[in-house]
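Undergrad: Would you mind keeping the following structure in view while I ask a few things?
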Amino acid sequence: MRSGAIDVAIVVGGENRWSGVVAGKAGADLPEAPALASAAEPDEVIAPREMVISQIEIDRNLTTAAHQYAIIESALRHHLGRSTGAHQRELGELWARFAEIAAEAPAGWDARAMKSDEIAFPSESNRMIAAPYPKWLISQWNVDQAAALIFTTVGTASRLGLDESTWVFPLAMVESNAVIPLPERADVHRWPASQLVSKAALEASEISIDEIGPVDLYSCFPSAVEVQAREIGLPIDRDLTLTGGMTFGGGPFNNYALQGAAAMVRKLRESPDPTFGLTSAVSGLLTKPAVTVWSNREPRTPFVSLDVSAQAEEATARRPVNPDLTGAGVVVGATVIPGRGGELTTVALVEVEGIRTVVQSQDHALGETFMSADPVGLAIIIGDPGEFTLA
């Protein structure tokens, strides 16, 4: 559009997993998706350059998003110096506010406005998925949701007679595509790339974080919201979602960032005063962030799109990883995954003399220990590679 090649673009996406679930239970088949009107090849296909997880994560039961984000949560809890109970209550309060917003949101999927305790603590209807996350602390992707935005130039909008009060402007979009797998990150509770993209987007928009009004952070798990808020410089006790988040507003797997952007456009249109908004996107396991700054007034500067991958690579401290590591070490982050039959699988990210590895244990008592108290910093012994016990 900036080059003049086009003057109107439609960005659209959606998911219909809920229809698939309902159809599956009824033994019915969904109709096939309509074919493109033209058989022409796409002008451009965007695909990831590399996988966001490493081989050791694949081999050691650490491919599920809930498991990885739970490990990040454990590291953040330890960094904040909170007990497991106090931190769980904080998660409940954070997500309860998201639930309230979802109940009032035009496209909110879950309107129950669940309360803090029923969200944060396990029950018959809220089974533990990966400690400290029960079901209602994780993204719910079985939804039918779609969103679309129409982008055009000021000249085209004026020529078409579109009401200027409905215009919303993207000021800057900044992303990082640096891929640094979780086991390699020296500070598991940090995400320097998130700080870099937000700082660059604000600078390109010539505003400060204090001038931002509405916010919608990508919200697949609490740790994603908490870490982003800390890196961007947003207080955790302010509203951080417009949709109600991916647990209650709805988590269409490949389309949430567009849902958030559409909610931002709607919100900015409602404001009679000049207002700036910020939306974020997360790809992978807190791997590839993006931030967009929006305004309901024509910007002072042209739209800016930047990639800060190189800076993110430089800003992120790393540790070497060795899958064959043995010996005495300490826990850096961990989660416990309950099975349907009552078994407990503990997955931990550990460090031995500055080298990282991922280990597992099926020991029930060890799992209970890791669930009842902060396991980060505990001394462990790796006997056979990939297996561990408490020291």
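Undergrad: I want to confirm something. Restricting to the stretch 259-275 and keeping residues that are out of contact with any Lys or Arg (no Cβ under 7 Å at 6 or more places or on another chain) and either without any contact (Cβ under 8 Å) to a residue 24 or more places away in the chain or hydroxyl-bearing (Ser, Thr, Tyr) (or both), which single residue is surrounded by the most Cβ atoms within 10 Å (Cβ to Cβ)?
TA: Filtering the stretch 259-275 down to residues out of contact with any Lys or Arg (no Cβ under 7 Å at 6 or more places or on another chain) leaves 259-273, 275.
Going one step further and asking which of them are either without any contact (Cβ under 8 Å) to a residue 24 or more places away in the chain or hydroxyl-bearing (Ser, Thr, Tyr) (or both), we end up with 270-273, 275.
Working: Glu270: 9, Ser271: 14, Pro272: 7, Asp273: 7, Thr275: 19.
In this case the residue turns out to be Thr275.
Undergrad: With the condition kept exactly as written, say whether any residue in the stretch 203-214 is surrounded by 24 or more Cβ atoms within 10 Å (Cβ to Cβ) and farther than 27 Å from Arg112 by Cβ. Even if it seems obvious, please write down each step before you answer.
TA: Step one: of the stretch 203-214, the residues surrounded by 24 or more Cβ atoms within 10 Å (Cβ to Cβ) are 205.
Subset that is farther than 27 Å from Arg112 by Cβ: 205.
Yes - at least one qualifying residue is present in the stretch 203-214.
Undergrad: Evaluate the stretch 193-212: report whether one residue or more is closer than 23 Å to Thr64 by Cα and more than 13 Å from the chain's Cα centre (by Cα).
TA: Quick first cut of the stretch 193-212, residues closer than 23 Å to Thr64 by Cα only: 193-194.
The next check asks that each one be more than 13 Å from the chain's Cα centre (by Cα); those that pass are 193.
Yes, the stretch 193-212 contains a residue that is closer than 23 Å to Thr64 by Cα and more than 13 Å from the chain's Cα centre (by Cα).
Undergrad: Here's something else I'd like to know. Which residue out of Ser283, Ser271, Ser223, Ser219 is hydroxyl-bearing (Ser, Thr, Tyr), under 27 Å from Ala47 (Cα atoms) and out of contact with any helix residue (DSSP H, G or I) (no Cβ under 7 Å at 6 or more places or on another chain)? I'd like the intermediate steps shown before the answer.
TA: Working: Ser271 fails: under 27 Å from Ala47 (Cα atoms); Ser223 fails: out of contact with any helix residue (DSSP H, G or I) (no Cβ under 7 Å at 6 or more places or on another chain); Ser219 fails: out of contact with any helix residue (DSSP H, G or I) (no Cβ under 7 Å at 6 or more places or on another chain).
It is Ser283.
Undergrad: May I ask you to list the residues in the stretch 243-258 that are surrounded by 24 or more Cβ atoms within 10 Å (Cβ to Cβ) and either assigned to a loop (DSSP other than H, G, I, E, B) or among the charged types (D, E, K, R) (or both)? Steps first, please.
TA: Within the stretch 243-258, the first condition is being surrounded by 24 or more Cβ atoms within 10 Å (Cβ to Cβ), and the residues that meet it are 243-252, 256.
Result: Thr243, Gly244, Gly250, Gly251, Pro252.
Undergrad: How many of the residues in the stretch 3-46 are over 21 Å from Ala148 (Cβ atoms) and of a type in the set (Ser, Thr, Tyr)?
TA: Total satisfying the criteria: 1.
Undergrad: In the stretch 3-50, which residues are among the charged types (D, E, K, R) and out of contact with any Ser or Thr (no Cβ under 9 Å at 6 or more places or on another chain)? If you could, list the steps in order and put the result at the bottom.
TA: Step one: filter the stretch 3-50 for residues among the charged types (D, E, K, R), giving 7, 15, 17, 25, 29, 32, 41, 43-44, 49-50.
Hits for the stretch 3-50 are Glu15, Arg17, Lys25, Asp29, Glu32, Glu41, Asp43, Glu44, Arg49, Glu50.
Undergrad: If His79 passes every condition in (1) over 18 Å from the mean Cα position of the chain (by Cα); (2) more than 22 Å from Leu378 (Cβ to Cβ); (3) modelled with pLDDT of 95 or more but one, which one does it miss?
TA: His79 satisfies every listed condition except (2).
Undergrad: Those residues that are of a type outside the set (Val, Ile, Thr), under 24 Å from Gln362 (Cα atoms) and not in a helix (DSSP H, G or I), I need them from the stretch 58-82; list them, please. So that I can check it myself, show each step before the final result.
TA: If we filter the stretch 58-82 for residues that are of a type outside the set (Val, Ile, Thr), which is where we start, we get 59-62, 65-70, 73-82.
Keeping just the survivors that are under 24 Å from Gln362 (Cα atoms) gives 59-62, 65-70, 73-75, 77-78.
If the condition is that a residue be of a type outside the set (Val, Ile, Thr), under 24 Å from Gln362 (Cα atoms) and not in a helix (DSSP H, G or I), then Arg60, Asn61, Leu62 are the ones that fit.
Undergrad: Restricting to the stretch 241-258, name every residue that is in contact (Cβ under 8 Å) with a residue 60 or more places away in the chain, under 30 Å from Asp163 (Cα atoms) and of a type in the set (A, V, I, L, M, F, W, C).
TA: Residues satisfying the conditions are Leu242, Leu258.
Undergrad: Among the listed residues Ser38, Ser74, which satisfies the condition of being polar (S, T, N, Q) and at pLDDT 95 or above? I'd like the intermediate steps shown before the answer.
TA: Details: Ser38 fails: at pLDDT 95 or above.
One residue alone meets the criteria, Ser74.
Okay, residues lined up against (1) closer than 21 Å to Pro134 by Cα; (2) surrounded by 20 or more Cβ atoms within 10 Å (Cβ to Cβ):
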position: Arg2; (1), (2): no, no
position: Trp18; (1), (2): yes, no
position: Ala40; (1), (2): no, no
position: Val45; (1), (2): no, no
position: Glu57; (1), (2): no, yes
position: His79; (1), (2): no, no
position: Ala107; (1), (2): no, no
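Undergrad: Something else now. Please verify whether Arg112 is of a type in the set (Lys, Arg) and within 17 Å of Asp237 (Cα to Cα), treating the condition exactly as stated.
TA: Values: of a type in the set (Lys, Arg): yes; within 17 Å of Asp237 (Cα to Cα): no.
Spelling it out, it is not the case that Arg112 is of a type in the set (Lys, Arg) and within 17 Å of Asp237 (Cα to Cα).
Residue by residue, here is whether (1) of a type outside the set (Asp, Glu); (2) loosely packed, with under 14 Cβ neighbours inside 10 Å holds:
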position: Gly339; (1), (2): yes, yes
position: Val350; (1), (2): yes, no
position: Glu353; (1), (2): no, yes
position: Arg356; (1), (2): yes, no
position: Gln362; (1), (2): yes, yes
position: Val376; (1), (2): yes, no
position: Asp384; (1), (2): no, yes
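Undergrad: Go through Ala172, Ala200 for me and flag whichever is modelled with pLDDT of 95 or more and in contact with a helix residue (DSSP H, G or I) (Cβ under 7 Å, 6 or more places away or on another chain). Let's see the steps before the verdict.
TA: On the way: Ala200 fails: in contact with a helix residue (DSSP H, G or I) (Cβ under 7 Å, 6 or more places away or on another chain).
Within the list Ala172, Ala200, the selection yields Ala172.
Undergrad: Ok, one more. Out of the residues in the stretch 149-186 that are among the charged types (D, E, K, R) and surrounded by 14 or more Cβ atoms within 10 Å (Cβ to Cβ), state the one that is nearest to Ala257 (Cα to Cα). Give the steps one after another, and end with the answer.
TA: Within the stretch 149-186, the subset among the charged types (D, E, K, R) is 159, 163-164, 175, 184-185.
Going one step further and asking which of them are surrounded by 14 or more Cβ atoms within 10 Å (Cβ to Cβ), we end up with 175, 184-185.
Numbers: Glu175: 13, Glu184: 26, Arg185: 25 Å.
Looking at the filtered set, the residue picked out is Glu175.
Undergrad: Ok, one more. Taking Val21 and the conditions (1) at pLDDT 90 or above; (2) of a type in the set (A, V, I, L, M, F, W, C); (3) closer than 30 Å to Leu182 by Cβ; (4) assigned to a loop (DSSP other than H, G, I, E, B), which numbered condition does it fall short on, given that it satisfies the others?
TA: Val21 satisfies every listed condition except (4).
Undergrad: Moving on. Name the residues in the stretch 118-136 that are in contact with a helix residue (DSSP H, G or I) (Cβ under 6 Å, 6 or more places away or on another chain) and assigned to a helix (DSSP H, G or I), would you?
TA: Of everything in the stretch 118-136, those that are in contact with a helix residue (DSSP H, G or I) (Cβ under 6 Å, 6 or more places away or on another chain) and assigned to a helix (DSSP H, G or I) turn out to be Ile119, Ala120, Trp136.
Undergrad: Restricting to the stretch 1-54, give me the number of residues that are in contact (Cβ under 8 Å) with a residue 60 or more places away in the chain and of a type in the set (S, T, N, Q).
TA: Residues that pass the stated criteria total 3.
Undergrad: Any idea which of (1) touching a His at 6+ places or on another chain (Cβ under 9 Å); (2) crowded, with 19+ Cβ neighbours inside 10 Å; (3) over 20 Å from Gln228 (Cβ atoms) is the one Gly333 doesn't satisfy?
TA: Gly333 satisfies all of (1) touching a His at 6+ places or on another chain (Cβ under 9 Å); (2) crowded, with 19+ Cβ neighbours inside 10 Å; (3) over 20 Å from Gln228 (Cβ atoms) except (3).
Undergrad: Now a separate question. For Ala102, work out the one condition from (1) assigned to a helix (DSSP H, G or I); (2) closer than 24 Å to Val331 by Cα it doesn't fulfil.
TA: (2)
The values are calculated or read from the model by the stated rules, or taken from the named source; none is laboratory data. Predicted model, so just to flag it, every value in this text is computed and none were measured. All Cβ positions, glycine included, derive from the backbone under ideal geometry; neighbour counts span all protein chains shown.
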